[in-house]
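Structure first, commentary second.
The numbers here are math on the coordinates, done by the rules we state, and not lab data. These numbers were taken from a predicted model, which means no experiment stands behind them. Virtual Cβ from ideal backbone geometry, glycine too; neighbours counted across all protein chains shown.
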Amino acid sequence: MAFADSWIVVPVFAPLTAALLAFLVRRASFFISLAAACLSLLAVAVLVNRFLVNGPAAYAVGGWDPPLGICLRTDGPALIMLVLTAVAGVGISLYAKGYFTLRIERPSRVGRPERQERFFWPLWMLQLTGLNGLYLSGDIFNLYVTLEVIGVSAAALAALSGKSASLIAALRYLLVSLLGSMSYLLGVVFVYKTYGVLDLGLLQAAAAPAPGVIAAMALMSVGLLLKTAIFPMHFWLPPAHANALAPVSAILSGLVVKGSFFLLFRLWFDIFSPVLPAAAFNLMGSLGAGAIIWGGVQVLRQQRLKLLIAYSTVSQLGYLVIAFPLAFAGGSSQAWSAVLFMASGHACAKIAMFMSAGTIMLHAGHDRIRDLAGIRAYLPVTAFAYAAAGVNLIGLPPSGGFIAKWMLLITALAGHQWLWAVVLLAGSFLATAYVFRVVAQLFVIPPDKPVITRRRAGLLEWPALIMALLSLLLGLMAPYPLRLLEAGQIVRTAMTMGGGP
Amino acid sequence: MTIPEIIGLACIAAGIPFFLSGTIGMLRFPDIFTRLHALTKADNVGLGFLIIGLCLQTDDWFIVIKLVLIWVLVLTASSASCHLVARRALQKGIRPWTRE
Amino acid sequence: MSWENVLIVAILMSSFLPGVIIFMLPERSTALRTGLNLFGAGLKMALVIVMDLAIYYGRIFQMRLELMEGVELFLNADPLSAMFATLSSALWLLTTIYAVGYLEGSPNRSHFFGYFSLCVTVTIGIAMAGNLVTFLLFYEMLTLTTYPLIIHRGTVESLRAGRNYLVYTFGGGGIFLFAVIWLHTLAGPADFSAAGLARQLVESEAPVLRCIFLLMIAGVGVKAALVPLHGWLPQAMIAPAPVSALLHAVAVVKAGAFGVTRIVLDVFGVNNIIELGLMPWLIAIAAATIIWGSLRALQQDGLKQRLAFSTVSQISYIALGVSLADHRLALIGGLVHLIHQGLMKITLFFCAGNLAETLGIHRISEMAGVGRRLPLTMAAFTVGAMGMIGIPPTVGFISKWYLCLGGLEAGNQWVIMVLIVSSLLNGAYFLPVIITAWFGKQQGPWPQERKFGRLETHWMLLIPPLVTALTVIAAGVIANAQFSPLTWVKFVVQDYSH
Amino acid sequence: MTTILYSVTGLLLFVFGLFALIVCPHPLRKILGGNVMSAGIFLFLVAASYRADTGEIDAVPQAMVLTGIVVSVCITAVALVLSTRLQQAADQGARRRRKRRREEDAGE
Amino acid sequence: MKMLLTGFDLLLALTLLWLAWQLLRSTDIFKAIIFFICFGLLMSLAWVRMHAPDVALAEAAIGTGLTGPLFLAALRRIERKAGKNMMSEPAGNGEETGSRWKARNREMSPLLWTVTALTCCLAGLLIWTVLIIPRPLPGLADQVAGSLAESGVNNPVTAVLLNFRGYDTLLEVMVLLLGAITVWSITHAPFPPRVPDTSPVQKAAVRLLLPLICLIGGYLVWQGAYQTGGAFQGGAVLSAALVLLLISDFLWLPGMRSLPLRLGLTLGPLVFVLLAGFGILVEKTLLRLPVEYAGPLLLFLEAACGLSIGLTLAAFFAGGRPASDLRETPYSGEAKGKGPAES
């Protein structure tokens, strides 16, 4: 194993060590975390071009080959999610620094912002470790442990704000994620009982229809759906995301939800796709449709900005799940790119939206949508970031969301699945309604409102704008990530067994 | 079945009635103090017999030392906790049962 | 990257970059902002004229950007797109001058002019779109850039008008997207070409194609203000005058009409549509819109509302011309009306803006005797109105003349009846305005009179309408000259005559 | 025989814990249910790999169970501290509200 | 003999299920916790029956030895604040979540019926699936036995835990540290303001037992390499010693400085990460230990992990961060010495 092979380990170990050091050395915690985020971004870049050169790689940790040891794998989809997490990681870290410095200058309760910042950095770094670990890992039980790391740190981050509403939401979130991991673990036990093997590659090779597998897949899917808050099991998401601190809700909505969804998608399409009946895919599709419609309607009823964005997450997650029946009917490579494109586009847009919502909260002191008129006067960059992110959510042309919706609609119409196509369209109409409802308030400056001179909020506004423009940029240079996926697609079929050293 | 093993089995058998009496005492006695009394006394003696029986059955000295250590620890732990429970009961104002 | 590619990108960038820079400018730097605007407009005008000459002599201008494996962003300057591009860049130059004068002293101007230039970039993009996907991309971006302009005033009515505008345009956009993707799955990625769809596809999938065509017309019809979908146009009159001038003469409505032309001529191909039996549908819709627009215009007392409804009916002349595309003369009439209607309508809106800005007049009943107070503006208004009615020396007469010839050639009495009735209706709702303006007696003082020294109004508000009024007459008189709109349209129609 | 017996017991424990987690309102009892659930799953896991005939033990499930026990103790601890803090915050809220109401009465 | 064992299994299984059912039905939370502790002890008995001594020790030490006191401490803290009744309805800020915490009476509302029906059919389905699964495939036992020699330890469970699946254990130790950080981030350690007079017997017992418990903990950690034992079980026993300290209210405990505590907490993961780095430097693969030094290295790792696990579990019992944690904040001067006021 050449030394250069070890780059695959850096995305997990850099944030891990940063978490330890940030917990120990309190004053330098921001710089340690930023360094770790940039280092993992660099590592992911190295991994991407190594992937383009010689295809998916496998790395047996501790030198033991998969049936016994655990091996880390990089293939197309995993790399896209890693790039997304790394980029979002740097963005959120910068925003969080600006957010906390402003909060500490004007604390609402003495001593609380210091506590929040003190514990934000180690928890955020552990969250990154969990996410990168999940995308890289190739072992089912190891995925369970990473899910736990993500779940507990997400609940801890949600409880950081200290209000009693966020504590209730965090406790409910923790119990729901406990329930989800338990049912996932029971699924792992069923898989181990029927196949006797834990490694994903070996499972994919041995995937033969057996009664145990159906039970395992059902349990795992229910667990992961619970953690991804898909329609019927989404009750815990809005309070948790709305009452958390702004950088925390950006992390929860943008990255945490995507982690468990990615695992769900990998199980359904990469490992157990030959085993699953068509009815299961249509069931998932109906869940997604329910999420889009119900979430969209709920969003229109919200009066608070952060609750609105949280409910829009519930609705947008429906898009990710509705792609299951489409992929099953049409070619699955098209669905891979559509879903992951939608996921990364949505993640950037949602992070930008929550960041701008946080900035607005800090400046206006409240987030009631009705009295947000004329924010553009003194927060022009934030208002524009929110609008650009909204464009991506609706799926208007320049954005990544448009490309993803285009691919979904193409597979739907090619496969003559009218129902899903109509739901997709209805979803984008609902999205238009709730995005422009807020944009109209932000952009219109009532004649009598005085134009206040610009306030100094550098670190708060620019990360939001960068993330929003990223989601738009995804639309323009779509071929590059797609080629990454195609490369993964072709080479995976030729991947050797176990991929040992 | 060698001689020590037979004697060991006999000792274990001898320990069982003590455990039984401890449990019956715990169920039948009227108040907390008498129950504590029954439990700590009977179980410790029963445990002693049990430990002796087990020691006889093994030939590895290290295990014998560990068994005796277990017995000493259980003795200290149960007596200390019995005292603490009784003390807390008195603080909470539970008066011992008197036959009137 | 030959100089042709550079030219196309330069045309787009010449208004995009100033727009982005203007966003960054603080409010007080008006001189820099106006300079940037005018420089951008002038540069774009020059580049477009250079492109027209090159196209006239047969050069090809193309630019491709690969979006996905089956889909690419394709900019292609064929004669039809050059025509629309020239019209929009010329009128944008004039409207910028007018807007600078109109918005003097009002707040949030860098925000306004930023979106103003973005809007024209998108219109040029629509003009030069080479395939259906690019057209769709720019079509939906047009809504994004025009929405802030409509709600610029910030009043409650402008918010309601904006919401209404969004409902209509995003509804249409969604349907158009659905139809485009459906066609994409059937016919695969196809650029605009005169031949249109493959013959065997039309036979095999006739019912589906009919459905797709109707959906597409509905999607594009929202912006082209065809009858059932025109509700947003009158309400969007709340926006400031330069916005309604640009939107209703050049950008939004023309994009819709241009979309109808592209779909009929380049996507489906004229023969396929006739074979599918969809022509009568298109004619019926166009005729209904013409009549309905004129009737509604009669009832309006607000000057800008009346002009809006007259736009609704005038745009359908283009749709009428295109629906008779198998007869060369009718097609020429339809396409040339695309330019003529732009010139006439923008003159009328400039004059309406002048009346509102200098005298605070919004209703026709208040216009009695305004001719004496604003002689030059009312002269331009009269020339525009004459053009609308179709009186000989103006361009309006030429396009109606060719439309009638086309109708006769097609032997379709319906079309001729519609043209005659609509001309009469045009006269019915324009002439009273002119009469009250010139011969009516002024009752009481003007609502908010503003003095501008010796000229009747601010010079920047006066020059654009006069220039456009002169072009209305000039293009009418020297219609057969080397570079008049009519000859250019004949050059365009050569590709489609077979 | 023992494998089936313990597997069935494990699954029943899982279902009991699930029922408790969903139904009981008190957070402490929910966390108890969670622990019972995890105990059930681990019982089922080790029962799955128990070789009655050969008697040799398969170490991997046992390592998994060890990791599982440690993780579930960590989640239990976090959940307990969270519910304690929740109760404390609720009391502070109630006390503040009572004080404000007392000030209003004093104010009139 | 076989009949006796199956009889014992049946009895054990039934008692486990009965205890779990009591756990649900009992009205008083305290009784439920006591049932849970008995349930844990019987579970460790079941593990012994399944030839899994490591797991039995872990279940006894962590599963009941520590979780029981955690629940009892949490119950005391909740009841001390909310008066004697069950969790009083927190006068939440009007949100609908507040009312759901109220203890609903036990009558079987229709919702309850549906939930019970669903769980019963779920149980039926699962058991039916288990019954029809054919002969289970052989697990990874032979691979483990095959490469046990190079793993440096001869207890297969520790070999799997620390060497073959070392990455799992690293993440798991991180989860423990994450738990500790979360507990610290939520609130201050709620030491009771006035020190209750602990009885002399307790002080004497603690002073006597403490060194012995530490010795046994160390022995367990050391023994892990050969027979049952290891970092987790040893760490749990160590935490028992610390919990005894916390209970008997030694005056110097609330004033503990936070830096040594933090160092202790992060010791285990730090050593693990260093070992991983060492693996990359020497053997060019993460976490790969040179075969000849594997034994001592693993022992050193186990000792470090044992210590930090002990401290983490004690931090769980303490239920919050030490008072001095945020005191060294440089730039919020007025935050000095405010203690739990803000929490």
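Here are the numbers:
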read-out	value
Fewest-first ranking of E:214, C:404, using other Cβ atoms within 10 Å as the exposure measure	E:214, C:404
Overall form of chain B per C-alpha gyration tensor (a/c, 1.5; a/b vs b/c)	oblate
Positive-pole candidate from B:68, B:78, B:46, dipole of the range B:3-91, charges at beta carbon	B:78
Antiparallel content of DSSP bridges confined to chain C, in %, to 5	90
Listed residue (E:252, E:277, E:228) projecting farthest to the positive dipole end of the range E:222-318, Cβ model	E:277
Average partner coverage of A:6-15, which counts Cβ from other chains inside 10 Å	3
Sparse-neighbour loop sites [trypsin sites (Lys or Arg not before Pro); the range D:35-108; at most 16 other C-beta within 10 Å; DSSP]	D:51
Sequence of A:378, C:57 once ranked by neighbouring C-beta atoms within 10 Å, starting from the fewest	C:57, A:378
Residue E:201 paired with residue C:466, simple spin-label distance in nm, labels 7 Å along Cα-to-beta-carbon	11.3
Two-site FRET efficiency, residue E:142 against residue B:23, from Cβ-Cβ distance with R₀ of 56 Å, rounded to 0.05	0.75
Positive-pole candidate from C:436, C:92, C:156, dipole of chain C, charges at beta carbon	C:436
Inter-site label distance for residue C:29 and residue B:95 at 7 Å from Cα along Cβ, in nm	9.3
Beta bridges by DSSP in the protein assembly as shown, antiparallel share as percent, to the nearest 5	90
Stretch gain in nm, segment residue E:248-residue E:30, where the contour uses 0.36 nm per residue and the Cα spacing is subtracted	76.3 nm
Highest to lowest packing among A:98-104, A:313-319, A:428-434, scored as the average C-beta count within 10 Å	A:313-319, A:428-434, A:98-104
Only Lys, Arg (+1) and Asp, Glu (-1) charged, at Cβ; the range C:332-498 dipole about Cα centre in debye	440
Two-site FRET efficiency, residue B:84 against residue E:212, from Cβ-Cβ distance with R₀ of 25 Å, rounded to 0.05	0.85
Interchain or long-range residues, amide H under 5 Å from residue A:444's placed H	A:374
Cα-based Rg of the range C:340-498 normalised by 2.2 N^0.38 Å, two decimals	1.20
Mean separation of Cα contacts under 8 Å (6+ apart) over length of chain C, as relative contact order %	14
Virtual spin-label span in nm between residue A:52 and residue A:371, 7 Å along Cα→Cβ	5.2
Listed peptides A:58-66, A:178-186, C:410-418 by packing density, highest first (mean Cβ within 10 Å)	A:178-186, A:58-66, C:410-418
Sites residue E:11 and residue E:150 - FRET efficiency at Förster radius 30 Å, r taken between beta-carbons, to 0.05	0.10
Ranked list, fewest to most other Cβ atoms within 10 Å of each Cβ, for E:3, A:284, C:344	E:3, A:284, C:344
Point-charge dipole on Cβ atoms (K/R +1, D/E -1) for the protein assembly as shown, about Cα centre, debye to 20	5080
Cα-derived Rg to Rh of the protein assembly as shown, Kirkwood definition	1.07
Lys, Arg +1 and Asp, Glu -1 on Cβ, resulting dipole of chain C about Cα centre, debye, nearest 20	1520
The range B:1-83, relative contact order in percent, only Cα pairs under 8 angstrom and at least six apart counted	35
Three-way shape label, the range E:1-83, alpha-carbon gyration tensor, a/c 1.5	oblate
Average other protein chain Cβ within 10 Å of Cβ, residues E:121-129	6
Inter-chain Cβ neighbour average for residues A:368-379, partner chain, 10 Å	1
With 20 Å bins from 0: P(r) over chain C, alpha-carbon pairs, percent	25, 60, 15, 0
